[in-house]
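Just so it is clear, none of the values below were taken in a lab; they were calculated from the coordinates. None of the values given here were measured: they were computed from a predicted structure. No Cβ is skipped: glycine too gets one built from the backbone with ideal geometry, and neighbour counts run over all protein chains shown.
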Amino acid sequence: MKTPHQRSSLIPDEPPPPELTAAVRTALGLDRQPKPTMADGLPEGMTDADPPVDQGLKLPDPLRVGPPRPADETMPAFGPIARVNLGALNQLGWLTTRLMQRFPHIAEHQWSGRLRMYIVDNAFQFICSEHAAALATVVRDPFRPKAYVQLLFCMHSEQGQPTEEKAVGERECLLLLREIVRWAKMLGADEVHRLNEFCDLAPSMLDKITGSERREEIIVRIR
């Protein structure tokens, strides 16, 4: 005998009739047949899958771009180096004193105008770091296939100071020279000249610059 709780339950005691089950399956789409594919119409042994790759067929070699370019061509600068602007020029108070010692034929009052001109002229590379400054210019010889760059000066503020401070200035001069070499490559120049003139670096330190070589130059001094 069923209890009152069993008589009020919504779950039937017997399975649903077959016609109700069939109607539910049809409504849910469970009795649909899968659509035929292209492969069903192909002869036996054939398929619509991608054909196998011919192992004898070789793809062309990837494009060779050559060896990686040296860092001094691609890096924007070696350390804290920047082009000299008017603000930086005001901080280079030591530079005019050093230039007057190296170039005594140029009057002191002329240096301010000269240095300002080098700042805005793209034919010059006027750069500095915390303790050093350097100036170079591009030279176009009508009988040479390419232009070349000429160093005008490379100096540091620690000249005459103790060895430790002087070593700091020399290292910064070396970085400035490497940046000038990078600038020359960007211009398409093939050489940088006069690295040993008006430079605070010893010839042994100049040998650390990649591609440097020594040449003998013959000049005639007019007296």
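Couple of notes before you dig in:
- Packing-based exposure ordering (other Cβ within 10 Å, fewest first) of 187, 99: 187, 99
- Once the Kirkwood radius over Cα pairs is known for the stretch 122-223, the Stokes-Einstein relation at 10 °C and 1.306 mPa s delivers a diffusion coefficient of 110 µm²/s.
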